[in-house]
Amino acid sequence: MLVWHMFSNISPGVKHILIAGLFFSLINAGVKLYSHIPAIEIVFFRSIVTFFISFYMVKKLKIKIINKHFKNLFLRGLCGAIALTLYFYTIQKMPLATAVTILYLAPIFTIILAIPMVGEYPNKKQWPFLFLGFLGAALLKGTDIRVSFTHFFMGLIAALFAGLAYNFIRTLKGKVDHNLIIFFFPMVTLPFCIPMMIPIWVTPNLNDFLGLVTLGVLTQFAQVHMTKAYLLEKASNISHFSYLTSGYALVMGLLFFNEGVNLLSVIGLIVIVISVYYTSKFGSKA
């Protein structure tokens, strides 16, 4: 009852970002589960599913695909494609919680990039807690010798492009339907994937195929909620909730992939919760 009361009293944008986070956590676990399939191929399959679902919605609503906002729609799709491909690759090469933690440097990039891209400035009181969230993420990761610098750098670049993608969504607020924003993601991602995917193609068996299609469906739900969240709220009010996904990843890694947990991880989770609470509190006053 307490959890339901807390959920019912938060803003619609925050609700959407929390729901998106749950879906993304399931997707992350699925990508880890299908590590025998190249990351770029998983991106391709998920994009096929989301392409047809979102295309159906666009046509049903008679939304014009090519319009004066094409540039930002395309850049949102391209930045998302780069971020997603690098992210899925790091998930397969690192412990799940570690890969997710590195990507969720994205909230910091999102808020910083929101200043020049959309003219949104965070409340000054938010800055310490934003970086506290980063510290919590670092503690959650811990000192992991299984992570190479190359993979860490790839995760960092994924976070940067995710921050760009989220801000391109913000630039489109009130200008295009959210279904069109969602549609452009797979529309750009599919041709982006094909040249890199062909040389390393692995033919999935029936179980793999069904699993990859399921990931695509989950992605559609996640994208709908994430896009609505960034259309409804300032980036500084919601992006920090992404840190909670590190906690989801920690639990899933422990339960399904036998990835260990230590004291630093527990402390990191507590620090992240504190960061989310106070960043949200000060963000709502901005």
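The values are calculated or read from the model by the stated rules, or taken from the named source; none is laboratory data. Model, not experiment: these values are computed from the prediction. Cβ atoms come from the backbone with ideal geometry, glycine included; neighbour counts cover every protein chain shown.
What helices (runs of 4 or more DSSP H) lie completely within region 1-92 and have 3 or more residues being within 21 Å of Ala165 (Cβ to Cβ) and at pLDDT 90 or above?
Details: elements: 2-8, 12-33, 39-60.
Those helices (runs of 4 or more DSSP H) span 39-60.
Of everything in region 167-177 that's in a helix (DSSP H, G or I) and of a type outside the set (A, V, I, L, M, F, W, C), which residue is surrounded by the fewest Cβ atoms within 10 Å (Cβ to Cβ)? Talk me through it step by step, then tell me what you get.
Within region 167-177, the subset in a helix (DSSP H, G or I) is 167-171.
When the remaining residues are screened for being of a type outside the set (A, V, I, L, M, F, W, C), the result is 167, 170-171.
On the way: Asn167: 28, Arg170: 21, Thr171: 17.
Only one residue tops the list, namely Thr171.
Anything in region 47-64 that is surrounded by fewer than 17 Cβ atoms within 10 Å (Cβ to Cβ) and under 9 Å from Phe183 (Cα atoms)? List them, or say none.
Phe52, Phe55
Looking at the structure I just gave you, is Ile238 touching a helix residue (DSSP H, G or I) at 6+ places or on another chain (Cβ under 6 Å), under 28 Å from Asn123 (Cβ atoms) and modelled with pLDDT of 90 or more? If you could, list the steps in order and put the result at the bottom.
Details: touching a helix residue (DSSP H, G or I) at 6+ places or on another chain (Cβ under 6 Å): yes; under 28 Å from Asn123 (Cβ atoms): yes; modelled with pLDDT of 90 or more: no.
Spelling it out, it is not the case that Ile238 is touching a helix residue (DSSP H, G or I) at 6+ places or on another chain (Cβ under 6 Å), under 28 Å from Asn123 (Cβ atoms) and modelled with pLDDT of 90 or more.
Name the residue that is nearest to Asn237 (Cα to Cα), counting only residues in region 105-119 that are of a type outside the set (A, V, I, L, M, F, W, C) and without any contact (Cβ under 8 Å) to a residue 40 or more places away in the chain.
Top of the filtered list is Gly119.
Out of all the residues in region 28-48, which are touching a Ser or Thr at 6+ places or on another chain (Cβ under 9 Å) and either under 14 Å from Asp208 (Cα atoms) or polar (S, T, N, Q) (or both)? Reasoning before the result, please.
Just the residues of region 28-48 that are touching a Ser or Thr at 6+ places or on another chain (Cβ under 9 Å), to begin with: 28, 30, 39-40, 43-44, 46-47.
If the condition is that a residue be touching a Ser or Thr at 6+ places or on another chain (Cβ under 9 Å) and either under 14 Å from Asp208 (Cα atoms) or polar (S, T, N, Q) (or both), then Asn28, Gly30, Ala39, Val43, Phe44, Arg46, Ser47 are the ones that fit.
From the list Leu164, Leu180, Leu160, Leu210, exactly one residue is more than 17 Å from Gly77 (Cβ to Cβ) and assigned to a helix (DSSP H, G or I). Which is it? First the steps, then the outcome.
On the way: Leu164 fails: more than 17 Å from Gly77 (Cβ to Cβ); Leu180 fails: more than 17 Å from Gly77 (Cβ to Cβ); Leu160 fails: more than 17 Å from Gly77 (Cβ to Cβ).
Exactly one of Leu164, Leu180, Leu160, Leu210 is more than 17 Å from Gly77 (Cβ to Cβ) and assigned to a helix (DSSP H, G or I), namely Leu210.
Give me a count of the residues in region 76-106 that are aliphatic (A, V, I, L, M), more than 18 Å from Gly30 (Cβ to Cβ) and either buried (at least 22 other Cβ atoms within 10 Å of the Cβ) or in contact with a Gly (Cβ under 7 Å, 6 or more places away or on another chain) (or both). Talk me through it step by step, then tell me what you get.
Within region 76-106, the first condition is being aliphatic (A, V, I, L, M), and the residues that meet it are 78, 81-84, 86, 91, 94, 96-97, 99-100, 102-103, 105-106.
With the extra rule that they be more than 18 Å from Gly30 (Cβ to Cβ), the set shrinks to 78, 81-82, 102, 105-106.
Remaining after also requiring either buried (at least 22 other Cβ atoms within 10 Å of the Cβ) or in contact with a Gly (Cβ under 7 Å, 6 or more places away or on another chain) (or both): 81, 102, 105-106.
Summing the residues that are aliphatic (A, V, I, L, M), more than 18 Å from Gly30 (Cβ to Cβ) and either buried (at least 22 other Cβ atoms within 10 Å of the Cβ) or in contact with a Gly (Cβ under 7 Å, 6 or more places away or on another chain) (or both) in region 76-106 gives 4.
Among the numbered criteria (1) within 26 Å of Val251 (Cβ to Cβ); (2) surrounded by fewer than 19 Cβ atoms within 10 Å (Cβ to Cβ); (3) of a type in the set (Ser, Thr, Tyr), which one does Thr150 miss?
(1)
Out of (1) of a type outside the set (S, T, N, Q); (2) in contact with a helix residue (DSSP H, G or I) (Cβ under 8 Å, 6 or more places away or on another chain); (3) modelled with pLDDT under 90, the odd one out for Ile115 is which?
It fails just one condition, (2).
State which residue pairs qualify: first residue closer than 22 Å to Thr101 by Cβ and inside region 25-43, second residue surrounded by fewer than 21 Cβ atoms within 10 Å (Cβ to Cβ) and not hydrophobic (A, V, I, L, M, F, W, C) in any location, beta carbons under 7 Å apart, and separation of 6 or more residues or different chains.
The qualifying pairs are Ser25/Tyr248; Gly30/Gly211; Val31/Gln92; Lys32/Gln92; Tyr34/Asp208; Tyr34/Gly211; Ser35/Gln92; Ala39/Gln92.
Scan region 111-118 and give yes if some residue there is surrounded by 15 or more Cβ atoms within 10 Å (Cβ to Cβ) and part of a loop (DSSP other than H, G, I, E, B), otherwise no.
Our first condition is that a residue be surrounded by 15 or more Cβ atoms within 10 Å (Cβ to Cβ); within region 111-118, this holds for 111-114, 117-118.
If we keep only those that are part of a loop (DSSP other than H, G, I, E, B) as well, we get none.
Looking for residues that are surrounded by 15 or more Cβ atoms within 10 Å (Cβ to Cβ) and part of a loop (DSSP other than H, G, I, E, B), one finds none in region 111-118, hence no.
Mind checking whether some residue in region 186-198 is free of Cβ contacts under 8 Å to residues at least 24 places away in the same chain, assigned to a loop (DSSP other than H, G, I, E, B), under 22 Å from Ile40 (Cβ atoms) and among the β-branched types (Val, Ile, Thr)?
So the first thing to find is which residues in region 186-198 are free of Cβ contacts under 8 Å to residues at least 24 places away in the same chain, and the list is 191, 195, 198.
With assigned to a loop (DSSP other than H, G, I, E, B) added as a condition, the list becomes none.
No, that holds for no residue.
Which one is modelled with the highest pLDDT, of the residues in region 119-154 that are hydroxyl-bearing (Ser, Thr, Tyr) and in a loop (DSSP other than H, G, I, E, B)? Spell out how you get there, then give the answer.
Of all residues in region 119-154, those hydroxyl-bearing (Ser, Thr, Tyr) come to 121, 143, 148, 150.
Then keep just the ones that are in a loop (DSSP other than H, G, I, E, B); that gives 121, 143, 148.
Details: Tyr121: 81, Thr143: 56, Ser148: 78.
Result: Tyr121.
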